[in-house]
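Reading through the structure tokens given below for one structure.
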Amino acid sequence: MAQQQMRVRVVKVEAPSTTTRQIYEDEFKNLYSDEVIEPPYNLKELKRIAEYSTILQQCVDAYRTNIVGFGLQPDYTFDINAKDVSEKVKKQAENEWVRLEEFIKYLHFDESAETILGYALEDREKTGNGFIEVLRDGLGRPAGIEYIDCQNMRVCTYTVPEEVEFTITENGVSKKIKRWKKFRRYVQMVNGKKVFFKEYGDPRVMNLTNGKFDENTPENLRATEVIHFKIGSGTYGIPRWIGHIVSLYGARKAEELNYMYFKQGRHTPAAIIVENGMLSEQSFNQLQEYMNSIEGVENAHKFLLLEAEGIETTTDTGTDKPMPVKVQIKSLAEVLQQDALFLEYDQKTREKLRSAFRLPPLYTGEAHEYNRATADTARKITEEQVFQPERNFLANKLNTLFLPALELQHVKITLKGPDFRDPIEIAKVLTPFINAGAASPNDLRDLLGRVLGKTLEEWPAEYNKPFQLLLKEQQSTMPILMQKSKEQQNDLIMLLKDIRDVLEELKV
């Protein structure tokens, strides 16, 4: 009896790519010592890891948009419309407002101030560290800011304490005091070239090439100042999501597994079984061509015709006779992956990352489960618990650093936020107060301006009274006006009589 032949096709599967390989070589590795401090995490990898995540960049963008995206604006540090504020103080505060407004406007000539701060804020949320370079004018006042890429910056140890001057206010009067303070230095390295910076507020002259303090340093080699925005109180900031980094890498691996399944996974839909025979050479080549086609696209909606030859066997009579061939196609659909794997794991990872930023799904583009009521509640809670405190932190830092150097006392920098007020709902709430005479026209001019989409000026003081009071005053003055009118009529009648008498005498 002839032996049955079998052909087997062996395919070598490629190893899937990874994303946890070393992304860069640390240029500072030979500089870490008692002077330059090594960061606890790989800053370049932390900054680039958002490129491999399906949720981290959305969270960072939500922070950047809602913290600095609405812009910076000046604000008074007191109620300028209070009665006990003198005209001199009001005039001084108005002048300071204009100066601060111009300072914010020209912090950067190519981009807005909130854009540059947004770059640093994005670095802070990705790596825990953000840096801004501060430029000063000829009078030594801060005049501009520049963004510094955090992945090329390193923090140095504290220098010896230096006596610096601070401006404080006591009983409404500003005065200057001196305190001892320790400052840090910072070093940047790009393509092997080092540049040193000093911490903002350090009054000493530093050489940017070697980080040494030297009063004789030429003007073109004097180091500029840096503001370090960081999360936490350590030497380097720590990302708020660092505890979920394993989940982030795991979600990435799950995505790669699903991708490789569709790209080169052997998801064979059926098995071809040949009994008592073998495929012809032409059919075998045709089947190989079908399997080797690029992702099977060329063979979509085509029929595959297979021809098999029976194996010849010797019968009892001594003659060779081919055995009947049986070809079966057995479906393997029940063992195939029907959908992507680890979908629940990926969903849990997204929830973990959002919880690290304390963000509801509404802020990452997942609002399919929200209605208006739940969306408004989520926005208000997040604004109250997350974004507004972050704006206050950033504004307080800018005010503490910039305002004393600008000699501004009556104004401050504020970060604008979203306006959740609905004019229609506010009008419903104000109706009983207006009917009770508790609101004056100027109290409602801003609201009316928002509804009309333009700025409205305030009414003069004599008209800025509740409607009921104005109506009462008008009613009380009507009799007087009417009385004056009757007196004027009587005077006119008497005048006419006098004229008539004169005419009578002339006629005589």
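Expected output is a single nm value to one decimal: the length gained when fully extending between Asn396 and Lys29, i.e. 0.36 nm times separation in residues minus the C-alpha distance. What is it? Don't skip to the answer; put the middle values down first.
Details: separation 367, 0.36 × 367 = 132.12 nm, distance 3.54 nm.
Result for the pair: 128.6 nm of gain on full extension.
Within a 10 angstrom radius of the beta carbon, how do Tyr158, Tyr119 rank from fewest other beta carbons to most?
Working: Tyr158 13, Tyr119 20.
Ordered from fewest to most neighbouring Cβ atoms within 10 Å, Tyr158, Tyr119 come out as Tyr158, Tyr119.
Straight-line reach from Lys90: which lysines fall under 18 Å, measuring Cα to Cα and dropping same-chain residues less than 8 apart?
Of all the lysines, those that pass the test against Lys90 - Cα under 18 Å, at least 8 places apart if same chain - are Lys412.
Check Phe197: other-chain or 5+ apart residues with amide H under 5 Å from its amide H, H built from backbone geometry?
Amide H to amide H, under 5 Å and 5 or more residues apart or across chains, Phe197 pairs with Tyr186, Val187, Gln188.
Just grab the label-to-label distance for Thr54 and Leu287, each label 7 Å out from Cα along the Cβ direction, in nm (one decimal).
3.6
So if we plug the beta-carbon distance of Met323 and Ser355 into 1/(1 + (r/R0)^6) with R0 = 60 Å, what FRET efficiency do we get, rounded to 0.05? List each step's numbers first, then the result.
Working: r = 67 Å, r/R0 = 1.12.
According to the calculation, E is roughly 0.35.
Most exposed first by the Cβ proxy, i.e. fewest other Cβ within 10 Å, how do Phe393, Phe70 rank? Walk me through the numbers before you get to the answer.
Values: Phe393 13, Phe70 16.
Lowest to highest Cβ neighbour count: Phe393, Phe70.
Assuming R0 = 56 Å, can you tell me the calculated FRET efficiency for the pair Leu444 and Val173, based on Cβ-Cβ distance, to the nearest 0.05?
Values: r = 38 Å, r/R0 = 0.68.
In this case the efficiency is close to 0.90.
Once you have the Cα-Cα distance between Phe166 and Ala427, take 0.36 nm times their residue separation minus that, and quote the gain in nm to one decimal.
Working: separation 261, 0.36 × 261 = 93.96 nm, distance 4.73 nm.
Stretched fully, the Phe166-Ala427 segment lengthens by 89.2 nm.
If the chain between Arg372 and Ile242 were fully stretched, how many nm would it gain, using 0.36 nm times the residue separation less the Cα-Cα distance? Walk me through the intermediate numbers first.
Numbers: separation 130, 0.36 × 130 = 46.80 nm, distance 3.31 nm.
Net length gain for the segment: 43.5 nm.
Using a 10 Å cut-off around each Cβ, can you sort Met153, Met323 from fewest to most neighbouring Cβ atoms? Show your work: numbers first, answer last.
On the way: Met153 24, Met323 15.
Final ranking by Cβ density, sparse to dense: Met323, Met153.
Just grab the label-to-label distance for Lys212 and Asn276, each label 7 Å out from Cα along the Cβ direction, in nm (one decimal).
For Lys212 paired with Asn276, the spin-label model returns 9.8 nm.
Is the C-alpha gyration tensor of region 142-186 telling us rounded, prolate or oblate? Criteria: a/c under 1.5 is rounded; beyond that, a/b larger than b/c is prolate, otherwise oblate. Mind showing how you got there, number by number?
Numbers: a/c = 4.19, a/b = 1.71, b/c = 2.45.
It comes out oblate by the Cα gyration axes.
Please give the FRET efficiency for Leu452 paired with Tyr76, using the beta carbon to beta carbon distance and R0 = 22 Å, rounded to the nearest 0.05. Could you put the intermediate results ahead of the total?
On the way: r = 26 Å, r/R0 = 1.16.
It comes out at approximately 0.30.
Read-outs throughout are calculated quantities, based only on the coordinates presented, and are distinct from any laboratory measurement. All values derive from a computational prediction rather than experimental measurement. A quick note on method: Cβ atoms are made from the backbone with ideal geometry, for glycine too, and the neighbour counts reach across all protein chains shown.
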